[in-house]
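Okay, so here's the structure we're looking at.
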């Protein structure tokens with residue numbers, strides 16, 4: 001992340017703000033081109049703009065950029081998906097800033113180009129392999145955005161089919177599992193049948209989502225999985241169970257009810273709030289009253305009438 005911080009300090013002023021507006025405009029441009037092509041019975045996008053590496057190697061280098069103009073199929077669901085991706089993109093830009101969102105989106109384009117070249121060169125050197133242009137790349141750019149959104153806002157709820165509320169993290173896990181199954185099926189069947197095209201397609205999906213994989217693993221807190229952290233958490237849980245057996249107190253901590261061994265009768269703090277606090281019972285108070293070190297000598301003694 002320090003590398004990204006240095007990049008942002010140096011190139012942040014060149015970031016494109018409200019990037020998703022331009023992306024949606026490109027989508028609209030792709031639709032207009034598809035209408036023009038239909039008038040002349042020409043698939044204009046796949047003939048002149050798609051990410052076909054064989055054509056790029058022949059000098060049509062504009063395809064490295066124009067493949068993102070992939071026209072959508074116009075329907076009510078397409079408009080809903082466009083709105084959802086616009087919302088997801090703007091949410092990521094607000095959370096990360098314009099530069100980091102630009103970097104995430106553009107790196108997705110770069111990894112998709114690498115995936116396309118990977119398929120081309122692998123199929124060109126393997127005898128009998130048939131080259132099929134990798135044209136589904138733009139889809140994975142938006143899917144990588146959705147996965148990043150699910151990782152960033154896991155508890156946000158979507159209305160599935162406009163009725164059933166479901167947290168976005170579950171949709172993210174479901175879609176991640178689907179992609180993993182797709183990759184496993186392509187590579188597995190390719191190895192079993194000797195189909196290099198299926199293998200390269202599976203690897204291409206991984207490459208196309210590489211920006212999300214880099215983001216996901218770079219933002220994980222692996223310290224909590226270290227042996228010392230696991231040992232400390234195990235000891236903490238053991239102490240909580242012991243406190244429960246010894247008549248510990250139930251408190252609300254981070255939205256969860258947990259049992260603590262100590263709780264100040266004045267401020268309500270427990271050992272969960274500050275592990276350096278010391279707790280004592282007051283011998284002058286009538287009843288079971290425990291105080292932290294800040295209130296042990298300053299509280300008013302409790303006397304039963």
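When a footprinting reagent is the concern and you count Cβ atoms within 10 Å, what order do 120, 40 take, fewest first?
Exposure proxy ranking, most exposed first: 40, 120.
If neighbour count is taken as other Cβ atoms inside 10 Å, put 81, 96, 181 in order from fewest to most.
181, 81, 96
Please report, in cubic angstrom per residue, the volume enclosed by the convex hull of the alpha-carbon atoms of region 2-220.
With only Cα atoms used, region 2-220 gives 155 Å³ per residue.
None of the figures in this text is laboratory data; all of them are computed from the coordinates on show. All figures in this text were calculated on a predicted structure; none of them were measured in a lab. Note that we place each Cβ from the backbone using ideal geometry, even for glycine, and neighbour counts take in every protein chain shown.
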